[in-house]
Amino acid sequence: MAVPVPSMEDAVQRFDRVLTRIENVLAASALGLATVIAIVAVVLRYAFGIFLFWSEEAIIYLIIYSTFLGAVITLRHNEHVNVDILAVFLADRGKRMVAVLGAAITAVYLAAVGGYAWLLLFEPFSTSTTTPSLKLPLWIVEAAVPVGFTLMFLRALEILVRTARGIDTFPEGHRSLLEVEADAAGLDAREVDPTRRDPGDPPDPPDLRPDAPKEDDR
């Protein structure tokens, strides 16, 4: 019996799901941990007079990580600033070629900067210097740059492959951010937003409609 071979589109979608989960977990963990530390530090300081001397430094470093990881998510949603001047005057084939060229340049740039960022971690200054409060090696803080650029590079490669093969580059473009993130987390959008309604849902009862007259108005 012949074994079905997954298509390129299936492989790209599987890669997209895995990378999306990694991006979401890392970004949410960094930002969430920074939030928890900030809340705990404020409560301890004003309620019990306990000052966490390392909290400010930890929050700053976690925000740095969340910024570079958030840049990956922004690339995933095609929300980085771009100016499409040339593509406006081209046919569909020309627009596709320009998009492939742009994706290739983006990937090369991210690979170059990311490569130098990884080399920076092994510099004597990075390995011998420690942070003032946490006493962490400086390379741990600097690692936010190569980690973020590496994830962006992988995402750029995915966009390049999608564009070159004529696959929808940003298939979630017509969907809201809530829908996309809920789908990536394996949830139904209604679990995140109970008030959400999809086309095909039965209409609300007359008394529940927003424009229904209130009891006091009758």
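Filter segment 75-90 down to the residues that are in contact with a Ser or Thr (Cβ under 9 Å, 6 or more places away or on another chain) and assigned to a loop (DSSP other than H, G, I, E, B), then identify the one that is nearest to Asp16 (Cα to Cα).
Quick first cut of segment 75-90, residues in contact with a Ser or Thr (Cβ under 9 Å, 6 or more places away or on another chain) only: 75-76, 78, 80.
Within this subset, residues satisfying the condition of being assigned to a loop (DSSP other than H, G, I, E, B) are 78, 80.
Values: Asn78: 14, His80: 18 Å.
This residue is Asn78.
Just give me the residues in segment 81-96 being exposed (fewer than 14 other Cβ atoms within 10 Å of the Cβ) and modelled with pLDDT of 80 or more, in sequence order.
Hits for segment 81-96 are Ala91, Asp92, Arg93, Gly94.
Condition check: out of contact with any Ser or Thr (no Cβ under 6 Å at 6 or more places or on another chain), over 29 Å from Leu136 (Cα atoms) and of a type outside the set (A, V, I, L, M, F, W, C). Does Arg93 satisfy that?
On the way: out of contact with any Ser or Thr (no Cβ under 6 Å at 6 or more places or on another chain): yes; over 29 Å from Leu136 (Cα atoms): yes; of a type outside the set (A, V, I, L, M, F, W, C): yes.
When the stated conditions are applied, Arg93 passes them.
Within segment 108-140, count every residue that is among the aliphatic types (A, V, I, L, M) and more than 29 Å from the chain's Cα centre (by Cα). Write out each step before concluding.
As a first pass, look at segment 108-140 and keep what is among the aliphatic types (A, V, I, L, M): 108, 110-113, 117, 119-121, 134, 136, 138, 140.
Now drop any that are not more than 29 Å from the chain's Cα centre (by Cα), which leaves none.
Residues that pass the stated criteria total 0.
Is there a residue being loosely packed, with under 14 Cβ neighbours inside 10 Å, touching a helix residue (DSSP H, G or I) at 6+ places or on another chain (Cβ under 9 Å) and part of a loop (DSSP other than H, G, I, E, B) anywhere in segment 46-64?
yes
Conditions tested, residue by residue: (1) surrounded by fewer than 17 Cβ atoms within 10 Å (Cβ to Cβ); (2) closer than 28 Å to Val18 by Cβ; (3) touching a residue at least 60 places away in the same chain (Cβ under 8 Å).
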{"residue": "Val72", "(1), (2), (3)": "no, yes, yes"}
{"residue": "Ala103", "(1), (2), (3)": "no, yes, yes"}
{"residue": "Phe125", "(1), (2), (3)": "yes, no, no"}
{"residue": "Val147", "(1), (2), (3)": "no, yes, yes"}
{"residue": "Leu157", "(1), (2), (3)": "no, yes, no"}
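The values are calculated or read from the model by the stated rules, or taken from the named source; none is laboratory data. Computed from a predicted model, the values in this text were never measured in an experiment. Quick reminder, even Gly has a Cβ in these numbers, built from the backbone with ideal geometry, and neighbours come from all protein chains shown.
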